[in-house]
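Read through the structure below, which is laid out as C-alpha cells, and then see the notes.
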C-alpha cells in the first residue's frame, strides 16, 4: 500500500507491482526512487540479498543492550513463517534445516553475549 501527498491510497497485490508503479511515478517526477522499508520475515541466518537488505544490525544492537541489562526482557521470539515465499536461493534447504539454522544462529548470538 502506498499513500500519495493528498492522502489517496493505492494497494498493490505484490511487491513487484508496487516497485514498478513507484519507479514509473518517480521517473515521471524526475527524481530517484527513495529507500523503502518493507516488513518481510526472512531467516535470521540469511545473508542480505540485493536489492533487499535485512535489519540484523538492529537486532544485534538490541541483544547487545540485553547483555548489559538482561532484566529488560525475559523472553525472545523467533518469528519466521514465510518459508514458501522466500527467493529460490533461500529455499534450497528443507524447512526443518532452515528452522535448525535459525536456532543455531540465534543461540550463537545469545551465547556470544552471555545470554544463554
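Any read-out appearing in this document is the output of simple, stated calculations on the displayed coordinates, not a laboratory observation. Just so we're clear, the structure is a prediction, and the values are computed from it rather than from any experiment. Positions of Cβ are generated from backbone atoms using ideal geometry, with glycine treated the same way; all protein chains shown enter the neighbour counts.
Okay, here's what the table says:
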{"quantity": "Förster radius 30 Å - calculated FRET efficiency between residue 35 and residue 69, Cβ distance, rounded to 0.05", "calculated": "0.45"}
{"quantity": "Among 57, 17, 97, residue whose mean-square fluctuation peaks in a GNM of the chain (springs only between Cα atoms under 10 Å)", "calculated": "17"}
{"quantity": "Spin-label pair residue 62/residue 83, simplified geometry with 7 Å Cα→Cβ offset, distance in nm", "calculated": "2.3 nm"}
{"quantity": "Sequence of 74, 67 once ranked by neighbouring C-beta atoms within 10 Å, starting from the fewest", "calculated": "74, 67"}
{"quantity": "Sorted by Cβ neighbour density within 10 Å, fewest at the top, the residues 36, 83", "calculated": "36, 83"}
{"quantity": "Answer label, with Rg and Dmax of the Cα atoms in Å calculated from the coordinates and candidates [x] 14.8, 47; [y] 15.2, 60; [z] 18.3, 53", "calculated": "[z]"}
{"quantity": "Projected-area average for region 56-112 over all orientations - Cα convex hull basis, square nanometres", "calculated": "4.6 nm²"}
{"quantity": "Residues 99, 85, sorted so that the one with the fewest Cβ neighbours within 10 Å comes first", "calculated": "85, 99"}
{"quantity": "Centroid-to-centroid separation of region 67-98 and region 99-116 [C-alpha atoms, Å]", "calculated": "11 Å"}
